[in-house]
Amino acid sequence: MTAPKSVAIIGAGPVGLATAAHVLERGLKPIVLEAGPEAAHAVRQWQHVQLFSPWRYNIDPAAARLLAATGWNSPDPEIYPTGRELIELYLSPLSTRTALRDVVRTSHRVTAISRAGFDKAKSKGRADAPFEIRYRNDKGEAALEADAVIDVSGTWLSPNPAGHNGLPALGETQHNARIAYGMPDVTGAQRTRYAGRTVAVLGAGHSAIGTLMDLAALAEQAPGTQAIWLLRSEDPAKAFGGGSTDKLAARGELGIAFAALVRSGRIRVESGFPVTGITDEDGRLQIIATGDRGVSADELIVATGFRPDLSLLSELRVGLDPAIEAPVALAPLIDPNEHSCGTVRPHGARELAQADEPGLYLAGMKSYGRAPTFLMMTGYEQVRSIAADIAGDKAAADRVELALPETGVCTRGGLESIAALPGCCGGPAPSGVDSCCADDAKAKAAGRTGCGCS
Ligand SMILES: Cc1cc2nc3c(=O)[nH]c(=O)nc-3n(C[C@H](O)[C@H](O)[C@H](O)COP(=O)(O)OP(=O)(O)OC[C@H]3O[C@@H](n4cnc5c(N)ncnc54)[C@H](O)[C@@H]3O)c2cc1C
C-alpha cells in the first residue's frame, strides 16, 4: 500500500475549501494554508456586499456532502446571500464543523514554493521531487512538503492601482491615506470616513457600481455626500451590463438600477478619464487625467479590478499568458478583449495543470489572472476536475459536470442603453432585435416606424 498523495491547498476561500472537500473525497490528504486569521478571509473584507448569484450557484457539491453529514440545512437555492451570509451559513460551518476542521491552518501565509532539492533551472528528476511550501505563522518561518499544490489564493489582496497604464498613478502611494481599494463598506463600518464627503470612485465593474450606489444611498442620509464616477472609457453605458438579458438576474437588475441613478444626475460622471496622477490641493485630493483634466475630491476609491500575486510562484516553472496572467490554455477562453459577454465554457485540469511543473495547478479566482468574469461555480468545477486528475481518474478529470448560465452582459453600448430603462421604454430590447428598447421592439413588431419609446 502506498501512502495517499498529499495536496497543499493555498488559500481557504470558497474555492480553496471546496478543493479540500474534493481532495478528501478522492482519498487524498489535503492541507489548507490560509493567510488570514479565519477561513474566507477575503470574503470577510466584502461581507457587506450582496452576491449577484443565488445560493444554488454558490455551494460546491462535495462541500455540501460534507456538510450534510453534520445535519446542515442547505439555504434556499433561489435567495441571494450577502458575503456575510455566505460565511455564516456555508463557509464557516464548512471549515469548522466538518472534517475540514482538521486540515485548515489559519494564520499560515505562504511566502514561496519550490521543489525540494531543485532550483528552477534544475531539470533531471524534477517531476518526482515533492513540492516544498514555505509559510509564515505566529511562530516564524517554516516549510512543509506535498506531492501536489493547488494555488487558490485569489486576487483580493493585490488590487490594481489607479494609473491607467497599470502602474500606480504618480503620487498614488504618497496619498494612500485617502485612497481605498476594492469595495469599502461606505454605509456601514466605513460610514464616518465617507459621510458628508466628496468621494470619487474609479472603475467600471460591479465593485465600482455597487460602491457608487451605496454612496448615493449614503447621500440620502448624510447631506453633503457627493459621488463622482471616474471611468477610463468614453461610454458609461458599457458598465450597465446586460440588464434583463443577464441570466444572473440580480446582476442585470444592479446595472438597470445604476443606469437610472446616473440618468437622474445623482452621480456625477467623468467618462474618458484615464488617471495619471494624484496630488494634494488645499487639503483635497486632485485626481488628474490625461489632457490635464482634474477632479477634486476628499477621498478616492479605486475599483479597477485585481491581479494575481505571482511572487510565491517565482521559483516554479509556470506558464501564464503574458497579458491576462492566466494559465496559457485558459487565457483565450476568458480574455476580456475577446469575451465581452463573460460566458466561459467550463474547464478543468487540462487547462489548469502546469505542463512544465507536474503536480502544480492554479484554480479559483487566481486562475483567471486579470480577467474579471470569474464565478464561484466555475471554480468548483475546476477543482472537482483537478482532484480527479491528481487521484489518477483521467476520465472524471476530462468530464464536464457543469452547465454555466449565460451571463448575457454583452451590451449594445451607446447612449440608447441609458434610454432603454424600465419606466421609460420598458427596459432593454430583447437580444438580437434591432431596436433601442423594449417598447421600440414592440412598436416595430406591430409594423410601426420610428421609435416606439415616447
Ligand atoms: C465584491 C465581490 C463580489 C462577488 N460576487 C460574486 C457572486 O455573486 N457570485 C460569484 O460566483 N462570484 C462572485 N465574486 C467572484 C468570486 O467568486 C469571489 O471573489 C470568490 O471569493 C473567489 O473565491 P476564491 O476561493 O477563488 O478566492 P478568495 O475568496 O479570494 O480566497 C482566497 C483565499 O486565499 C488567501 N490567501 C491569499 N494569499 C495567500 C497566501 N500567500 N497564503 C495563504 N493564503 C492566502 C486569502 O486570505 C483568501 O482567504 C465576487 C467577488 C467580489 C470581490
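The values are calculated or read from the model by the stated rules, or taken from the named source; none is laboratory data. Keep in mind that what you see is a predicted model, and the values were worked out from it rather than measured. Counting neighbours? That spans all protein chains shown, and the Cβs are built from the backbone with ideal geometry, glycine included. SASA here: full protein model, heavy atoms, side chains in, ligands and nucleic acids out. Shrake-Rupley method; radii C 1.70, N 1.55, O 1.52, S 1.80 Å.
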Is it the case, given these coordinates, that GLU315 is under 30 Å from ARG56 (Cβ atoms), acidic (Asp, Glu) and either surrounded by fewer than 24 Cβ atoms within 10 Å (Cβ to Cβ) or within 15 Å of the ligand (Cβ to nearest atom) (or both)? no
Exactly one of THR187, THR155 is in contact with a strand residue (DSSP E or B) (Cβ under 7 Å, 6 or more places away or on another chain), touching a residue at least 12 places away in the same chain (Cβ under 8 Å) and within 16 Å of the ligand (Cβ to nearest atom), and that one is THR155
Looking at PRO274, is it modelled with pLDDT of 95 or more and away from the ligand (no atom under 16 Å from the Cβ)? yes
Taking first residues from the stretch 21-43 that are within 19 Å of MET365 (Cα to Cα) and touching a residue at least 40 places away in the same chain (Cβ under 8 Å) and second residues anywhere that are of a type in the set (A, V, I, L, M) and near the ligand (Cβ under 7 Å from one of its atoms), the pairs with Cβ under 6 Å that are 6 or more apart or on different chains are VAL32/ALA12; LEU33/ILE10; LEU33/VAL110; GLU34/ALA12; ALA39/ALA12
Taking the criterion of being open to solvent by 30 Å² or more (accessible area, probe 1.4 Å), near the ligand (Cβ under 10 Å from one of its atoms), closer than 19 Å to SER153 by Cβ and not acidic (Asp, Glu), would at least one residue in the stretch 379-395 satisfy it? no
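Kindly establish whether ALA3 is more than 18 Å from the chain's Cα centre (by Cα), free of Cβ contacts under 8 Å to residues at least 40 places away in the same chain and away from the ligand (no atom under 11 Å from the Cβ). Step through it out loud before you land on a result.
On the way: more than 18 Å from the chain's Cα centre (by Cα): yes; free of Cβ contacts under 8 Å to residues at least 40 places away in the same chain: yes; away from the ligand (no atom under 11 Å from the Cβ): yes.
Yes; evaluated as a whole, the condition is true for this residue.
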Would you check if VAL149 is touching a strand residue (DSSP E or B) at 6+ places or on another chain (Cβ under 7 Å) and among the hydrophobic types (A, V, I, L, M, F, W, C)? yes
